[in-house]
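First up is the structure itself, then whatever we jot down about it.
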Amino acid sequence: MVLLLLDGRPLSVGALAVLALIVLTVCAVGNYGYAVNELFDVQEDARLGRVNAAATLGPRRVWWIVASSALCAELFAGCVAGARGAFVTVLALALPLAYSAPPLRVKERKWLGVCADALAAHVYPALMALLAVTHWTLRPVSTVLGACIIIWSAAAGVRGILSHQLHTADQDRNAGLTTVVHDLGHSSVERFIIAVLLPLEVVAFGGALLACNGGVVLWCSVAAYLIYEIFKTSSGRFRVTVFRPQGQRYLPFVEEIFYKAWGPIVLALDAARADFRYVFVMAAYVLLFRPHLRAEMHRLRSVIAALRVTAATDSCARSNGES
């Protein structure tokens with residue numbers, strides 16, 4: 001998201017600081033949230049036979065991780081987004097406590113748990129990116145751009161946690177945890193994601209792209225990705241496991257691979273039209289997230305193989321028709 005907001009701007013010291021500090025802030029908050037969840041999930045994980053960091057390392061050590069992560073998060077947030085960023089980060093640090101710790105423990109309160117997870121994991125990083133580019137005066141943030149990014153992050157966050165609950169419905173039931181999926185049913189939650197959340201996410205993300213005035217690299221890549229998704233959906237040869245562990249017929253845009261593989265690389269390349277040094281940002285991303293990129297390359301090879309089969313089949317059909 002930071003790369004999208006910086007697209008078309010030079011890679012100044014401020015831009016580089018925002019890129020680095022946003023990553024550090026979000027990582028610190030994520031580490032804090034993971035540690036808090038482990039502290040209060042010891043018994044639940046023991047029932048399910050899952051490895052728990054607090055049980056392995058000891059509660060005292062994990063509490064130290066919680067405290068140091070929170071301190072680092074506040075320090076980084078203050079540097080990257082000023083007082084507003086520090087305040088928003090205090091709220092973000094409260095969310096994992098509300099999510100995991102008694103007496104609230106909203107992870108067991110269905111929609112409250114879904115919203116808390118989405119806010120912490122998706123809306124908070126997006127909001128910090130907006131605050132950071134404003135604080136460092138790297139670009140103006142219009143109401144339309146801000147609204148699109150917040151709506152996109154909220155829809156993506158809710159979709160992500162509901163998809164996770166669809167995947168873990170049986171495990172959650174065995175642990176005595178009742179989720180939205182158990183209340184509404186697997187099919188109803190799937191339909192809600194496909195009919196409501198996914199279109200909202202795609203439209204809001206498209207609005208953010210338009211509001212940021214991307215260049216030719218961005219829009220050519222978006223067109224290529226749309227063709228890629230259309231082929232995977234229409235060919236009938238591909239399956240997706242986002243909602244069901246056993247898989248189902250491919251559904252467009254439900255995989256988050258665009259955000260994990262395509263998006264950062266495309267945005268860095270598009271930003272390089274204003275400053276070639278963004279290419280080094282892309283190189284750093286490739287090195288850090290090689291597993292995601294390797295998985296996407298495997299999918300891309302599958303699509304190319306399917307295209308060859310389709311072309312060969314069409315050629316044979318034409319030959320038979322001519323004969």
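For the stretch 112-160, the fraction of alpha-carbon pairs lying more than 13 Å apart is 54 percent, rounded to a whole number.
Taking 13 Å as the cut-off, the amide N atoms of the stretch 26-46 that come nearer than this to a point 7 Å along the Cα-to-beta-carbon line of Asn174 belong to 45-46.
Residues whose amide H comes within less than 5 Å of that of Ala274, counting only those at least five positions distant or on another chain, are Gly8 (H built at 1.01 Å from N in the peptide plane). A dipole drawn for the stretch 81-180 from +1 and -1 charges on Cβ atoms has a positive end, and of Met128, Leu177, Leu166 the residue lying farthest that way is Met128.
Taking the chain as a Gaussian network of alpha-carbon nodes connected by springs under 10 Å, the highest mean-square fluctuation of the residues Ile257, Ile265, Ile304 belongs to Ile304. Stokes-Einstein, applied to the Kirkwood radius of the stretch 214-323 over Cα pairs at a viscosity of 0.890 mPa s and 25 °C, places its translational diffusion at 153 µm² s⁻¹. Evaluated over the Cα positions of the chain, the convex hull gives a direction-averaged projected area, one quarter of its surface, of 19.2 nm². Each residue of the stretch 149-156 is assigned a 3J(HN,Hα), and the resulting list reads 5, 5, 5, 4, 5, 5, 5, 5 Hz, derived from the Karplus form 6.51 cos²θ - 1.76 cosθ + 1.60 (θ = phi - 60°), x at Gly and Pro. Projecting the alpha carbon convex hull of the stretch 1-70 along each direction and taking the average yields 6.0 nm². In order along the stretch 17-31, the Karplus-derived 3J(HN,Hα) couplings, from 6.51 cos²θ - 1.76 cosθ + 1.60 at θ = phi - 60°, round to 5, 5, 4, 5, 6, 5, 4, 5, 5, 5, 5, 5, 5, x, 5 Hz, and Gly and Pro are given as x. Taking the centroid of alpha carbons for each part, the stretch 221-300 and the stretch 141-160 are 20 Å apart. Maximal additional length on extending the Val141-Ala224 stretch stands at 27.1 nm, based on 0.36 nm per residue less the C-alpha distance. Sequence-ordered 3J(HN,Hα) estimates for the stretch 242-253 from the Karplus curve with 6.51, -1.76 and 1.60 and θ = phi - 60° stand at 5, 9, 10, x, 7, x, 7, 4, 4, 10, x, 6 Hz, glycine and proline given as x. Grab the beta carbon distance between Ala46 and Ser187, set R0 = 41 Å, and tell me the FRET efficiency rounded to 0.05. Efficiency at R0 = 41 Å is approximately 0.80. When you count the other C-beta atoms within 10 angstrom of each residue and take the mean per peptide, 274-287, 7-20 line up highest first as 7-20, 274-287. Expressed in units of 2.2 N^0.38 Å, where N is the residue count, the Cα radius of gyration of the stretch 139-217 is 1.41. Among 238-245, 31-38, sorting by the average number of other beta carbon atoms lying within 10 angstrom of each residue, highest first, gives 31-38, 238-245.
Read the figures in this text as sums done on the coordinates, not as results from a lab. Predicted model, so just to flag it, every value in this text is computed and none were measured. No Cβ is skipped: glycine too gets one built from the backbone with ideal geometry, and neighbour counts run over all protein chains shown.
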